[in-house]
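Just below is one structure, and these are the notes that go with it.
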Amino acid sequence: MKRYLVTQMVLTAFDRDKGNIQNSGFFKTPSLYTDLIDKAIDEAIKEITSVRKAFKNRGIKVYEERKTKLGVSAKFLCRGYHEPMEMRWAFITAEATVLMRLFLGLDVGHYINPSIPGDKEPKLFSRVDT
């Protein structure tokens, strides 16, 4: 659930940043940067598609999302049970930063804790088994 919500916010941020680059007039070659962002957007779309497929296979449906002063709250339906979920802005910002770096093809190795057995990539970002 958190991966779905954070990835949606990352997509919004990439779209916003792409527009800012295109409209700023600051860059001499904005297409280089927007092409990189387009590649990252494609990766984010693949991630959301993967998560939605997993939701469908597991019978999960998100039916409400709200941004609040404290963070994001969502409600979802899972096997007939209505469940709430909340994430604080500090958590969202940290996770979105790592996720954006991952989608941009940057190194996220320093976000991995080698003292945790099997921690080879940030847990939030491993692909969903479908």
Conditions (1) closer than 18 Å to Leu5 by Cβ; (2) in contact with a helix residue (DSSP H, G or I) (Cβ under 8 Å, 6 or more places away or on another chain); (3) surrounded by 13 or more Cβ atoms within 10 Å (Cβ to Cβ); (4) among the hydrophobic types (A, V, I, L, M, F, W, C): number failed by Leu70: (3)
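Give Leu77, Leu124 a once-over and let me know the one that is at pLDDT below 90, under 19 Å from Val6 (Cα atoms) and not in a loop (DSSP other than H, G, I, E, B).
Step by step, each of Leu77, Leu124 is checked, and only Leu124 is at pLDDT below 90, under 19 Å from Val6 (Cα atoms) and not in a loop (DSSP other than H, G, I, E, B).
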Qualifying residue in the stretch 84-105 (condition: farther than 12 Å from Met1 by Cα, open to solvent by 70 Å² or more (accessible area, probe 1.4 Å), among the basic types (Lys, Arg) and not in a helix (DSSP H, G or I)): yes
Filtered residues of the stretch 1-15 (kept if surrounded by 14 or more Cβ atoms within 10 Å (Cβ to Cβ) and more than 25 Å from Arg58 (Cα to Cα)): Ala13, Phe14
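Going residue by residue through the stretch 46-62, is there one that turns out to be in contact with a strand residue (DSSP E or B) (Cβ under 6 Å, 6 or more places away or on another chain), without any contact (Cβ under 8 Å) to a residue 60 or more places away in the chain and not in a helix (DSSP H, G or I)?
Quick first cut of the stretch 46-62, residues in contact with a strand residue (DSSP E or B) (Cβ under 6 Å, 6 or more places away or on another chain) only: 60-62.
Checking the rest, the ones that are also without any contact (Cβ under 8 Å) to a residue 60 or more places away in the chain come to 60-61.
Now narrow it down to the ones that are not in a helix (DSSP H, G or I): 60-61.
The answer is yes; a qualifying residue exists.
Filter the stretch 16-45 for residues that are open to solvent by less than 100 Å² (accessible area, probe 1.4 Å), among the charged types (D, E, K, R) and without any contact (Cβ under 8 Å) to a residue 24 or more places away in the chain and give the result. Show your work before the answer.
Here is the first cut: in the stretch 16-45, the ones open to solvent by less than 100 Å² (accessible area, probe 1.4 Å) are 17-21, 24-25, 27, 29-31, 34-38, 40-45.
When the remaining residues are screened for being among the charged types (D, E, K, R), the result is 17-18, 35, 38, 42-43.
Correct list: Asp17, Lys18, Asp35, Asp38, Asp42.
Conditions tested, residue by residue: (1) closer than 30 Å to Ser24 by Cβ; (2) touching a helix residue (DSSP H, G or I) at 6+ places or on another chain (Cβ under 8 Å).
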residue	(1), (2)
Ile45	yes, yes
Thr49	no, no
Gly59	no, no
Glu64	no, no
Ala74	no, yes
Thr93	yes, no
Phe103	yes, yes
Ile112	no, no
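The values are calculated or read from the model by the stated rules, or taken from the named source; none is laboratory data. Source: prediction; values computed, not measured. Methodologically, a virtual Cβ is constructed for each residue, glycine included, from the backbone with ideal geometry; neighbour enumeration extends over all protein chains shown. Only protein heavy atoms, including side chains, enter the accessible area calculation; ligands, DNA and RNA are left aside. Shrake-Rupley method; radii C 1.70, N 1.55, O 1.52, S 1.80 Å.
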